[in-house]
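The block underneath contains the structure these notes are about, expressed in structure tokens.
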Amino acid sequence: MTADPHTAPYPYSGPPVMRKPIEDALHRVVDPEVAMTIVDVGLVYGVTVTNDRLHVLLTMTSAACPVVDVIVDDVGAELDRVAGGDRSVDVELVWEPAWTTDRMSARAKAFMGW
């Protein structure tokens, strides 16, 4: 299921035509520790697309996350598929603001029994 572009849980800046393919790509990346998409978990902090770059700000639930490399690699691979020929993909891992459970989607909270 793809998030409504008007209610995406992260800021998007770029060509409107790129928004849905990027959202779909990010929804295909699963956090293996919780078996939910990184969008539902709230790990995506923002996406910026320019003519030569697709930049995503990503966080983890903790700095000690054992699957950080897997998630970052999966995000890069999925975004490479939709980036377009000359556009590079840059996945930037950030720690501020710190992730909290408030970032989780209603679907994720229900899945966790909250």
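The values are calculated or read from the model by the stated rules, or taken from the named source; none is laboratory data. What you see is a predicted model, and the numbers here were worked out from it, not measured in a lab. Ideal geometry is used to build each Cβ from the backbone, glycine not excepted, and the neighbour counts take in all protein chains shown.
Scanning the stretch 1-30 for residues that are part of a loop (DSSP other than H, G, I, E, B) and within 9 Å of the chain's Cα centre (by Cα), which turns out modelled with the lowest pLDDT?
Filtering first and then ranking leaves Tyr10.
Quick one: Ala8 ticks every box in (1) touching a residue at least 40 places away in the same chain (Cβ under 8 Å); (2) buried (at least 17 other Cβ atoms within 10 Å of the Cβ) except a single one, so which number is it?
Result: Ala8 passes all but (1).
Looking for something among the hydrophobic types (A, V, I, L, M, F, W, C), in a loop (DSSP other than H, G, I, E, B) and touching a residue at least 40 places away in the same chain (Cβ under 8 Å) - is there at least one such residue anywhere in the stretch 71-94?
The initial filter retains those residues of the stretch 71-94 that are among the hydrophobic types (A, V, I, L, M, F, W, C), namely 71-72, 75, 77, 79, 82-83, 89, 91, 93-94.
If we keep only those that are in a loop (DSSP other than H, G, I, E, B) too, we end up with 94.
Filter once more, so that each one left must be touching a residue at least 40 places away in the same chain (Cβ under 8 Å): 94.
Checking the stretch 71-94: at least one residue is among the hydrophobic types (A, V, I, L, M, F, W, C), in a loop (DSSP other than H, G, I, E, B) and touching a residue at least 40 places away in the same chain (Cβ under 8 Å).
Considering only residues that are modelled with pLDDT of 95 or more and in a loop (DSSP other than H, G, I, E, B), which ones fall in the stretch 53-70?
Within the stretch 53-70, Thr59, Met60 meet the criteria.
Identify the residue in the stretch 31-85 that is of a type in the set (Gly, Ala, Ser) and farther than 13 Å from Trp99 by Cβ and, among all such residues, is nearest to the chain's Cα centre (by Cα).
Gly46
For the stretch 43-59, state whether one or more residues are within 26 Å of Gly113 (Cβ to Cβ) and either free of Cβ contacts under 8 Å to residues at least 24 places away in the same chain or in contact with a Lys or Arg (Cβ under 7 Å, 6 or more places away or on another chain) (or both).
No, the stretch 43-59 contains no residue that is within 26 Å of Gly113 (Cβ to Cβ) and either free of Cβ contacts under 8 Å to residues at least 24 places away in the same chain or in contact with a Lys or Arg (Cβ under 7 Å, 6 or more places away or on another chain) (or both).
Those residues that are of a type in the set (Gly, Ala, Ser) and more than 13 Å from the chain's Cα centre (by Cα), I need them from the stretch 86-114; list them, please.
Ser88, Ala98, Ala106, Ala108, Ala110, Gly113
Scan the stretch 97-109 residue by residue and report those that are part of a helix (DSSP H, G or I) and surrounded by 11 or more Cβ atoms within 10 Å (Cβ to Cβ). Lay out the reasoning, then the answer.
Filtering the stretch 97-109 for residues part of a helix (DSSP H, G or I) gives 101-103, 106-109.
Within the stretch 97-109, Thr101, Arg103, Arg107, Ala108, Lys109 meet the criteria.
Considering only residues that are of a type in the set (D, E, K, R) and surrounded by 21 or more Cβ atoms within 10 Å (Cβ to Cβ), which ones fall in the stretch 32-64?
Listed by number, the list holds a single entry, Asp40.
Give the residues of the stretch 60-114 that are farther than 17 Å from Gly46 by Cβ and charged (D, E, K, R), sorted by residue number.
Correct list: Asp69, Asp73, Asp74, Asp80, Arg81, Asp86, Arg107, Lys109.
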